[in-house]
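Heads up: the structure comes next, in structure tokens.
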Amino acid sequence: MTLIALQEICRHYVVGEETVYALNDIHLQIEKGEWVAIVGQSGSGKSTLMNVLGCLDTPTRGAYFLNGKDVSKMEDDELADIRNREIGFIFQSFQLLPRETALANVELPLVYRGVRSKERRQRALQALEQVQLSDRTHHKPTELSGGQRQRVAIARALVTAPSLLLADEPTGNLDTATGEDIFRLFEELHRLGHTLVLVTHEPKLAARCPRAVRLSDGRVCADGPGAAVAFGDISPAATKAGT
């Protein structure tokens with residue numbers, strides 16, 4: 001079943017007298033349960049695409065259907081509700097509240113949703129257990145390692161049972177061994193049926209994903225098996241782009 005459908009998505013910005021064409025005629029379809037890497041060099045458009053997918057930005061032209069809803073035409077308050085209910089965000093910089101415990105950080109999206117305290121706590125504890133962090137519930141971010149902070153961020157993304165997990169360079173601030181642990185956690189989440197979109201500039205990470213989409217100059221230039229797309233072993237004619 002299709003979770004994400006982008007049709008002729010364009011995103012243009014006017015900077016002074018110049019128009020920046022960040023995304024140009026993007027066609028992309030992602031099924032529920034897929035794990036897709038969005039890969040490309042700096043300036044390729046992957047950050048803009050991530051913002052569109054996460055309903056943090058709206059396209060200049062085209063349609064974006066998420067779970068069958070055309071979110072590209074929604075107003076800001078509707079988009080905020082979609083972000084809270086449908087999307088779990090995982091950032092390179094973790095984005096945790098420094099003065100709150102791991103448990104309170106994970107509960108936060110449920111606070112915005114108006115979930116009662118007892119249920120919030122129960123669901124947050126379950127999410128922390130899912131990322132193997134049950135023994136750090138009352139620790140603050142400054143008392144946690146980088147890998148543990150990223151696990152808290154992943155638990156926070158999971159706690160609302162979102163349709164989509166959207167990860168922006170999730171191992172970028174971690175050492176190699178810790179990054180590998182986090183990647184293995186993503187593998188487990190994929191095995192459990194979660195839909196994952198991983199935005200990265202690292203071909204080695206994209207190559208380990210079942211599917212990768214490469215952007216260049218705001219366009220999809222390759223779409224197919226992760227290793228083939230990441231290392232350029234796929235011809236444009238063999239990709240799904242534009243279908």
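Any read-out appearing in this document is the output of simple, stated calculations on the displayed coordinates, not a laboratory observation. Computed from a predicted model, the values in this text were never measured in an experiment. Glycine gets a Cβ as well: all are built from the backbone with ideal geometry, and neighbour counts include every protein chain shown.
Going by C-beta contacts inside 10 Å, put 202, 31 in order with the fewest on the left. Walk me through the intermediate numbers first.
Numbers: 202 16, 31 13.
Starting with the residue having the fewest Cβ neighbours, the order is 31, 202.
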Compactness check, the chain: C-alpha Rg relative to the 2.2 N^0.38 Å globular estimate gives 1.01
Inter-part gap, Cα centre of the range 78-95 to Cα centre of the range 114-157, in whole angstrom, is 16
Rounded to whole Å, √(5λ) for the Cα gyration tensor eigenvalues of the range 1-144, largest first, gives 33, 18, 15
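What do the square roots of 5 times the Cα gyration tensor eigenvalues come to for the range 51-122, in whole Å, largest first, as semi-axes of the equivalent ellipsoid? Can you show the working numbers first?
Details: eigenvalues 150, 45, 16 Å².
Its equivalent ellipsoid spans semi-axes of 27, 15, 9 Å.
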XL table 73/204; 73/140; 118/140; Cα-Cα > 31 Å flagged, in table order, is 73/204; 73/140
For residue 3, other-chain or 5+-apart residues with amide H closer than 5 Å (H placed, Pro excluded) are 30, 31, 32
Rounded to whole angstrom, the alpha-carbon centroid of the range 169-201 lies from that of the range 210-228 at a distance of 18
Computed curve, the range 156-221, Cα-only Debye sum without solvent term, log₁₀ I(q)/I(0) at 0.15, 0.23, 0.27, 0.28 Å⁻¹, is -0.52, -1.12, -1.37, -1.42
Ranking 56, 108, 24 by how far each Cα lies towards the positive end of the charge dipole of the chain (+1 on Lys and Arg Cβ, -1 on Asp and Glu Cβ), the top one is 108
For the range 33-40, Karplus-derived ³J(HN,Hα) couplings (6.51, -1.76, 1.60; θ = phi - 60°; whole Hz; x for glycine and proline) come out as x, 7, 10, 10, 9, 9, 10, x
re the range 1-61: pairs of Cα atoms spaced beyond 17 Å account for a percent value of 42
Per-residue ellipticity at 222 nm attributable to helices in the chain (runs of n ≥ 4 DSSP H, -39500 (n - 2.57) apiece, nearest 500 deg cm²/dmol) works out to -10500 deg cm²/dmol
Magnitude of the Cβ-charge dipole (Lys and Arg +1, Asp and Glu -1) of the range 89-243 about the Cα centre, nearest 20 debye, reported as 580
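What's the magnitude of the charge dipole for the range 23-75 around its Cα centre, counting Lys and Arg as +1 and Asp and Glu as -1 at the beta-carbon? Answer in Debye, nearest 20.
Values: 5 positive and 6 negative charges, 5 e Å.
With Lys and Arg at +1 and Asp and Glu at -1, about 20 debye.
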